[in-house]
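Computed from the coordinates by the stated procedures, all read-outs in this text should not be read as laboratory data. From a predicted model like this one, the values you see are computed outputs, not experimental measurements.
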Amino acid sequence: MLEAPFAPQGLAAQPLAAPPPRAQATGDATRAFQAQQAQPGAPAQQGPSEFTRMFQAPAAAPPEPPAPKAVKKPGGRLPIPKKKTNHLLWILIGIAVVLALALVVYLLVK
C-alpha cells in the first residue's frame, strides 16, 4: 500500500522529483541580529542610558575613621588546665580484673 509502483526499469530508472520552489526570503529571522539604525529625525541620546542611571549610586562622602582605641594584647596562650584523675574508674576496673581472675581460678580448681 505504501510502496512505489513497480516499473520494469526498477527504481533507479525513475526520474527524481523536482524540489519544491523556495519562497522569497524576507529576512525576518536575521532581523533580530541587526543593529537598530537611528532615525534621522530622532535626537541622539547623550550621557548614560536609563539602565545605567538606574543602578548608579550617588557618590557618598567617605565616613570618618573611628578614633583608634588602645587594644590590650594578651600575654600569650593560656595554660591548659590539667584534668583531674578519675580514681573511681580505676577502682572499678581493678575490681573487675580481680573478679575475672577469681572466676578463672575457681573454674580451674573445680
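Here the 3J(HN,Hα) profile of region 97-107, calculated from phi with Karplus coefficients 6.51, -1.76 and 1.60 at θ = phi - 60°, is 5, 5, 5, 5, 5, 5, 5, 5, 5, 4, 5 Hz, Gly and Pro shown as x. On full extension, the segment bounded by VAL97 and GLN34 gains 13.5 nm, given 0.36 nm per residue less the C-alpha separation.
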